[in-house]
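What follows is one structure encoded as structure tokens, with my remarks underneath.
Just so it is clear, none of the values below were taken in a lab; they were calculated from the coordinates. This structure is a prediction, so every number in the text was calculated from the model and none was measured. When we count neighbours, we look across all protein chains shown, and the Cβ atoms used for this are built from the backbone with ideal geometry, even at glycine.
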Amino acid sequence: MTDPHPKPTVKLPWLRLLAKLAPEVFSLFGVFVWGWSFFPIIYLFWWELLLGGLFKRIGARLWRKQNWISVTQHQAEKIAFKVLLFVCFVYFIFIFIGLGIAIPGSVEESIENLQVAFFRDYYFNIAFLLVVFMEIYALSSAYREALAEPPIPIDLPFTTVQGANPFNSDLVVMHLTLIFGVGSSVMLRIYSEDHPALKEIHADRVLICIFVSIKAIPLIYKYIKEEIMQ
């Protein structure tokens, strides 16, 4: 007998990987085509983290309503989101005041950074909207997959749920990436004054490429581990 309400069978995890990598590709495009400095790249990454946490929180609420996660898991996700908000607030002050205003070598560059920060830069706004769109797509595709194969809620002890751990892998990657990005930007600014050759070889672009790679590699590794090696 045919099921009158068949469940969707959509399962395209590789599209979610492309969605996660799209901002990295767009960042490289901004560097080599529009001449972006470190600030728009790191500021965009900051928004990726914040929006990623926000949509993950929205997803947790949807999953809980469908009884796809346990109460313990839902509470853990709530705590993880609060931790992320605090960390993002601290990094916002560090990025906005330090990298956006204090570190730039000219008033003109500081003004450009402020325009980016307050969404007055057309190209950065496109990148920001891309991040929002990709997060919406990732959440909707994950929801469709959950409808096809409903997850089984796991009622584990609260302390063992990874989402409640403020030092999980996502936050560790965020710390290392931002420290590298901001630190290399500062060092490049200092050494460029005494070594003009660094500007001639576009050392800033090399460092930004390394920065983007540090962001992208964990995403690719997570995809391979969860989707291919299962």
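Points to keep in mind about this one:
- When the pairs Lys78/Lys215; Lys20/Lys225; Lys56/Lys82; Lys20/Lys78; Lys20/Lys82; Lys65/Lys225 are compared against a 20 Å limit on Cα-Cα distance, Lys78/Lys215; Lys20/Lys78; Lys20/Lys82; Lys65/Lys225 fall above it.
- FRET efficiency, Phe119 to Phe86 (Cβ-Cβ, R0 25 Å, nearest 0.05): 0.60
- Shown in residue order for region 27-32 are the 3J(HN,Hα) couplings computed by the Karplus curve 6.51 cos²θ - 1.76 cosθ + 1.60 at θ = phi - 60°: 4, 4, 4, x, 5, 7 Hz (x for Gly and Pro).
- Computed from label points 7 Å out along Cα-Cβ, the spacing between Val172 and Leu219 is 2.0 nm.
- Of the peptides 144-152, 113-121, the ranking by mean beta-carbon count within 10 Å, highest at the top, reads 113-121, 144-152.
- With a simple spin-label model that places each label point 7 Å from the Cα along the Cα-to-Cβ direction, the separation between Gln66 and Glu109 comes to 4.7 nm.
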